[in-house]
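The values are calculated or read from the model by the stated rules, or taken from the named source; none is laboratory data. Predicted, not measured: the structure shown is a model, and the values here were computed from it. So basically every Cβ, Gly included, is an ideal-geometry build from the backbone, and we count neighbours across all protein chains shown.
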Amino acid sequence: MSEKVMLVDDEDAIREILGLSIADLGYEVHTAANGPEALEALDVFRPAIVLTDIKMPGMDGIELLGRIKAHNPDIEVIMISGHGDMDLVVQSLQREALDFITKPIRDELLISALKRAAEKISMRRQLREHTQNLERIVKEKSAKLVELERQLAVGQVVEGLSSAMRCLAETCDEGMGYFNELPCFISIHNRYLEVVAVNQLYGERLGMMVGKNSWEVYSGRHGSGNACPVAKTIEEGKGQRSRETLLDAQGNDVPVIVHTAPILNKDGMVELVIEMSVDVTEVERLQEELRHAREKFMRLFDAVPCTIEVVDREHNIVEANRRFRQDFGETRGGKCFELFKHREDPCQECPITLTFEDGQSHQWETAVTTRDGQQRIVLIQTAPVHGETGEIEQVMEISTDITQIRQLQDHLTSLGLMLGSMSHGVKGLLTSLDGGVYKVDAGLRRDDPERLRQGWAIVKDKIGRIRKMVLDILYYAKSRESEFQTVDLAAFAGDLAAIIEPKASQKGVGFLLEAAPGLGEADLDETAMSAALVNFLENAVDACTEDDAKPHHEVVLAVSAQEGKIRFEIRDDGMGMDQETREKMFSLFFSSKGSRGTGLGLFISNQVVERHGGTIAVDSEFGRGTSIVVTIPRRQDG
């Protein structure tokens, strides 16, 4: 028999490695990180052996040993210590620890300690079994003596009971007595399957069946061969319980729950059977109404034009409506934060958690991603679901898609918000520009070419950043028609390289242009597409700059043609993105650069590619780099 072993240690690595070693020895293992967690698991896991570290924060191993022995003295406890302290050994043994082993734990010591514990437990079990067998033998002998004494009185008791039931039967037959007060059908049958007495309600509703066969009151039974509950009771000698259908005096069906009980004579034979039938017509009517109400509720639940899910305290989805299943799949049992946010843990401002804590309804506006990759802005409302005891067992979460509303609001208000948030950045750029102009002036006055060069580099950089910022604002604030023209793709790729290569070189990042031969021409809004691709390239350079884990980085721009389409691929080996960042990267005002980003660049780049009838594919993993593929048609219709 494999014993259950609980391992208690505050070090994750020791729990994992030592737990695997114990499991390999054939034991069932449960681990706990501290004393309170181990005590909480005692009644659930029920270990036979506990291995516990002595030195642990909070409750140490000595205290845990005492608590375990107080809870169940039969649990064998093996103490583990990284220090060979004799005082600890003495304290452990005084508290009835089985063994004491030190770290690092050698396999032979562990095997030996567990084997001694298992042998001691086995011996204790054998001793208990022997003791129980002795007790059982004593009880059996005593029971036989008692049985002999009781047999003398059994016949008298049965006979008295039979007489009492005959009196009750006579009482029912006369329409009087306690049976007439009961709100159910009561009848008494003899061993020949004849009705010998009924109560008043039985006679009024089902007719006077006294003297008739027991099965005649049942619907669909036409003889003793088709055994009714009374026949089964006489045949088996024990009571029956079943759902049946009776026929009332007008021949209508009456659904009932039937209970029967045998009345034995002094020879132990069934002499009479008492039958009690409870009319469940009203119950079935209420059940049918409940079924219709549930169906109506589910139709309403599924017809609501928003997603609804019910979540338990572990954030598992236990119920969801049709709209939710359409958007996120058959997800019962999945975590809400995994489906909505693709996170590994709950959101920091989770309204579900707040509702479980205070029992109040909470609202939250956030972005979620459907199973087909569509991003939506939703307004979430939560409501507590109380159980029979009044405690909050679940939380219902209703999510309304407000993406279009927010897009309209963003279109009207985002420019002002953006200008306000960018004012500090503009001020800094102007200050830097003043510094560059000052250096240029100083270089001209002093005829200092080096100072003049430094100042002009600052002026060019800041003018370029201001120009990009202004163009982004104008592009977003003013809708413009795309101006397509035939562009030489090789020259276009060369211009992109000329823009990015100096910036990459300045930041210590390599740049490589891979332009396939024979690219030919394509219809492009050259200014817009150039800005869009430069955004991707600059982000790639920044991702490499922010990654300190690699000694060298490189950004690659690969341009190729395939089946009437042009393919631009931007690859980097920088820091990469997690899934949540990938899903939000084209959202308005979303930036992973903090105060250095406006949140407009990639949003505008995505719009430019869409206006060209193209697509963007992103493949990125945090710590391993990013690949962005922009595919657009070579020719634009019209």
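To keep it simple, each residue is scored yes or no on (1) of a type in the set (S, T, N, Q); (2) closer than 27 Å to M577 by Cβ.
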{"residue": "L489", "(1), (2)": "no, no"}
{"residue": "L496", "(1), (2)": "no, yes"}
{"residue": "I499", "(1), (2)": "no, yes"}
{"residue": "P502", "(1), (2)": "no, yes"}
{"residue": "F511", "(1), (2)": "no, yes"}
{"residue": "P517", "(1), (2)": "no, no"}
{"residue": "E521", "(1), (2)": "no, no"}
{"residue": "S530", "(1), (2)": "yes, yes"}
{"residue": "N535", "(1), (2)": "yes, yes"}
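For C347, are the conditions met, namely being under 13 Å from T307 (Cβ atoms), outside the structural domain of I616 (by TED's automatic domain parsing) and touching a helix residue (DSSP H, G or I) at 6+ places or on another chain (Cβ under 9 Å)? No: the conditions fail for C347.
Going residue by residue through segment 20-27, is there one that turns out to be assigned by TED's automatic domain parsing to the domain that holds A118, outside any helix (DSSP H, G or I) and hydrophobic (A, V, I, L, M, F, W, C)? Checked segment 20-27: at least one residue is assigned by TED's automatic domain parsing to the domain that holds A118, outside any helix (DSSP H, G or I) and hydrophobic (A, V, I, L, M, F, W, C).
Out of K238, K266, one residue alone is in a loop (DSSP other than H, G, I, E, B), touching an Asp or Glu at 6+ places or on another chain (Cβ under 8 Å) and of a type outside the set (S, T, Y). It is K266. Filter segment 295-322 down to residues that are part of a strand (DSSP E or B) and of a type in the set (D, E) and give me whichever is farthest from C184 (Cα to Cα). Within segment 295-322, the match that is farthest from C184 (Cα to Cα) is E309.
For segment 28-54, the set of residues classified as part of a strand (DSSP E or B) and of a type in the set (A, V, I, L, M) consists of V29, A32, I49, V50, L51, listed by residue number. Taking the condition farther than 24 Å from R205 by Cβ and either surrounded by fewer than 15 Cβ atoms within 10 Å (Cβ to Cβ) or in contact (Cβ under 8 Å) with a residue 24 or more places away in the chain (or both), does V258 pass? So V258 fails the test. State whether the residues of segment 518-535 include one that is assigned by TED's automatic domain parsing to the domain that holds A491, more than 20 Å from V609 (Cα to Cα) and modelled with pLDDT of 90 or more. Looking for residues that are assigned by TED's automatic domain parsing to the domain that holds A491, more than 20 Å from V609 (Cα to Cα) and modelled with pLDDT of 90 or more, one finds none in segment 518-535, hence no. The test for being touching a residue at least 60 places away in the same chain (Cβ under 8 Å) and within 41 Å of the chain's Cα centre (by Cα) does not hold for E289. Within segment 355-404, the residues that satisfy the criterion of being among the charged types (D, E, K, R) and either surrounded by fewer than 17 Cβ atoms within 10 Å (Cβ to Cβ) or under 24 Å from T615 (Cα atoms) (or both) are E357, D358, E365, R371, D372, R376, E388, E391, E393. Residues in segment 128-145: is at least one surrounded by 10 or more Cβ atoms within 10 Å (Cβ to Cβ), polar (S, T, N, Q) and modelled with pLDDT of 80 or more? Taking every residue of segment 128-145 in turn, none turns out to be surrounded by 10 or more Cβ atoms within 10 Å (Cβ to Cβ), polar (S, T, N, Q) and modelled with pLDDT of 80 or more.
Can E288 be described as loosely packed, with under 11 Cβ neighbours inside 10 Å, within 30 Å of V198 (Cβ to Cβ) and either among the charged types (D, E, K, R) or in the same structural domain as R376 (by TED's automatic domain parsing) (or both)?
Spelling it out, E288 is indeed loosely packed, with under 11 Cβ neighbours inside 10 Å, within 30 Å of V198 (Cβ to Cβ) and either among the charged types (D, E, K, R) or in the same structural domain as R376 (by TED's automatic domain parsing) (or both).
Among the residues of segment 288-333, the ones that are modelled with pLDDT of 80 or more and hydroxyl-bearing (S, T, Y) come to 1 in all.
So that you can scan it fast, the table gives a plain yes or no per residue for (1) of a type in the set (S, T, N, Q); (2) over 30 Å from Q394 (Cβ atoms); (3) assigned to a loop (DSSP other than H, G, I, E, B):
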{"position": "T245", "(1), (2), (3)": "yes, yes, no"}
{"position": "V258", "(1), (2), (3)": "no, yes, no"}
{"position": "A293", "(1), (2), (3)": "no, no, no"}
{"position": "F324", "(1), (2), (3)": "no, no, no"}
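Among the residues of segment 24-42, those identified as closer than 30 Å to Q126 by Cβ and either buried (at least 19 other Cβ atoms within 10 Å of the Cβ) or at pLDDT 90 or above (or both) are Y27, E28, V29, H30, T31, A32, A38, L39, A41, L42. Residue by residue through segment 190-230, note down the ones that are part of a loop (DSSP other than H, G, I, E, B) and either hydrophobic (A, V, I, L, M, F, W, C) or touching a Pro at 6+ places or on another chain (Cβ under 7 Å) (or both). Those that are part of a loop (DSSP other than H, G, I, E, B) and either hydrophobic (A, V, I, L, M, F, W, C) or touching a Pro at 6+ places or on another chain (Cβ under 7 Å) (or both): L193, M208, M209, V210, A227, C228. Suppose we filter segment 536-570 for residues that are among the polar types (S, T, N, Q), surrounded by fewer than 21 Cβ atoms within 10 Å (Cβ to Cβ) and farther than 20 Å from R635 by Cα; how many remain? Count: 1. Residue by residue through segment 608-624, note down the ones that are closer than 15 Å to T527 by Cα and in a loop (DSSP other than H, G, I, E, B). Passing the criteria: only H612. Hey, among I68, I49, which residue is within 15 Å of V5 (Cβ to Cβ), of a type in the set (A, V, I, L, M) and touching a residue at least 40 places away in the same chain (Cβ under 8 Å)? Result: I49 is the single residue among I68, I49 that is within 15 Å of V5 (Cβ to Cβ), of a type in the set (A, V, I, L, M) and touching a residue at least 40 places away in the same chain (Cβ under 8 Å). So which residues in segment 188-207 are surrounded by fewer than 18 Cβ atoms within 10 Å (Cβ to Cβ) and closer than 18 Å to D279 by Cβ, if there are any at all? Within segment 188-207, Q200, E204, R205, G207 meet the criteria. For S605, indicate whether it is at pLDDT below 85, under 22 Å from Q485 (Cα atoms) and in contact with a helix residue (DSSP H, G or I) (Cβ under 9 Å, 6 or more places away or on another chain). Spelling it out, S605 is indeed at pLDDT below 85, under 22 Å from Q485 (Cα atoms) and in contact with a helix residue (DSSP H, G or I) (Cβ under 9 Å, 6 or more places away or on another chain). Inspect segment 477-499 for any residue being at pLDDT 70 or above, in a helix (DSSP H, G or I) and of a type in the set (S, T, N, Q) and give the result as yes or no. For segment 477-499, residues at pLDDT 70 or above, in a helix (DSSP H, G or I) and of a type in the set (S, T, N, Q): absent.
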